[in-house]
Amino acid sequence: MNLSDQISQCTLCAGDFDHAPNPVFQFSEHARILIIGQAPGIKAHESNIPWNDASGDKLRSWLGVDREKFYSGLFAHMPMAFCFPGYKNGADAPPPKICAETWHASVIKQLNPALTIHIGRYSQQYYLPQFKTLTEAVEATTQSPGNRYVLPHPSGRNNRWLVRNPWFEARSLPVLRKSLSVLLS
């Protein structure tokens, strides 16, 4: 059984949620860019399409790509937790760590992406713990462009962060889009 099939059939978190596990991810051997997000929201869970909500619309806008390119197979979509984690205190619950611990190394080894984009603090803390804050990680990865970028989560809950950090859209996104255009051309 290949890795994608193994993940699709994963039930590690069965019983931890009020719903059945439904791993939501996308990757192919053609993927050049890996997006490591938080966890699928309820709309992605129900449609089985990563980033199939308003946050996905904003992310695609930030990246300067349309839905067709975003789901073309050039982008791989791997969340910190593959299943919708339910709700906690009126928001999506944090992603359980068991998914990343179980699956991420194998996926990354198989994909060997040219560029990785970490979305939100869960991905940043797991993969780039040397940065004390998400803001520090976003600034550092766009000031010294390489093969890794960190972005805030594009949900409406982060609108205050965006207002407090106008440099992100003015300076960080153009740097990321330039790196993406090289890989996507």
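Would you say TRP103 is of a type in the set (A, V, I, L, M, F, W, C) and over 18 Å from ALA81 (Cβ atoms)?
Numbers: of a type in the set (A, V, I, L, M, F, W, C): yes; over 18 Å from ALA81 (Cβ atoms): no.
No; evaluated as a whole, the condition is false for this residue.
Just one of (1) at pLDDT below 95; (2) over 17 Å from TRP51 (Cβ atoms); (3) crowded, with 21+ Cβ neighbours inside 10 Å fails for ALA93. It is (3). Here LEU184 meets each of (1) surrounded by 15 or more Cβ atoms within 10 Å (Cβ to Cβ); (2) out of contact with any Lys or Arg (no Cβ under 9 Å at 6 or more places or on another chain) with one exception, condition (2).
Yes or no, residue by residue, for (1) aliphatic (A, V, I, L, M); (2) surrounded by fewer than 18 Cβ atoms within 10 Å (Cβ to Cβ); (3) closer than 18 Å to ALA31 by Cβ; (4) within 13 Å of the chain's Cα centre (by Cα):
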| residue | (1), (2), (3), (4) |
| --- | --- |
| PRO85 | no, no, no, no |
| LYS88 | no, yes, no, no |
| ILE98 | yes, yes, no, no |
| SER106 | no, yes, yes, no |
| ASN112 | no, yes, yes, no |
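When SER72 is tested against (1) in a loop (DSSP other than H, G, I, E, B); (2) in contact with a Phe, Trp or Tyr (Cβ under 9 Å, 6 or more places away or on another chain), exactly one condition is not met: (2).
Condition check ((1) in contact (Cβ under 8 Å) with a residue 24 or more places away in the chain; (2) crowded, with 20+ Cβ neighbours inside 10 Å; (3) touching a Ser or Thr at 6+ places or on another chain (Cβ under 6 Å)) across all residues:
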| site | (1), (2), (3) |
| --- | --- |
| GLU101 | no, no, no |
| THR116 | yes, yes, no |
| ILE119 | yes, yes, no |
| TYR127 | yes, no, no |
| GLN130 | no, no, no |
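Within the range 141-172, the set of residues being surrounded by 15 or more Cβ atoms within 10 Å (Cβ to Cβ) and more than 16 Å from the chain's Cα centre (by Cα) comprises THR142, ASN165, PHE168, SER172.
Of the residues making up the range 32-55, none is part of a helix (DSSP H, G or I), in contact with a helix residue (DSSP H, G or I) (Cβ under 6 Å, 6 or more places away or on another chain) and either buried (at least 19 other Cβ atoms within 10 Å of the Cβ) or in contact (Cβ under 8 Å) with a residue 24 or more places away in the chain (or both). When PHE82 is tested against (1) touching a Phe, Trp or Tyr at 6+ places or on another chain (Cβ under 7 Å); (2) part of a helix (DSSP H, G or I); (3) not acidic (Asp, Glu), only condition (2) is not met.
The values are calculated or read from the model by the stated rules, or taken from the named source; none is laboratory data. Since the structure is predicted, the reported quantities are computational estimates derived from the model, not experimental observations. Note: ideal-geometry Cβ built from the backbone for every residue, glycine included; neighbour counts use all protein chains shown.
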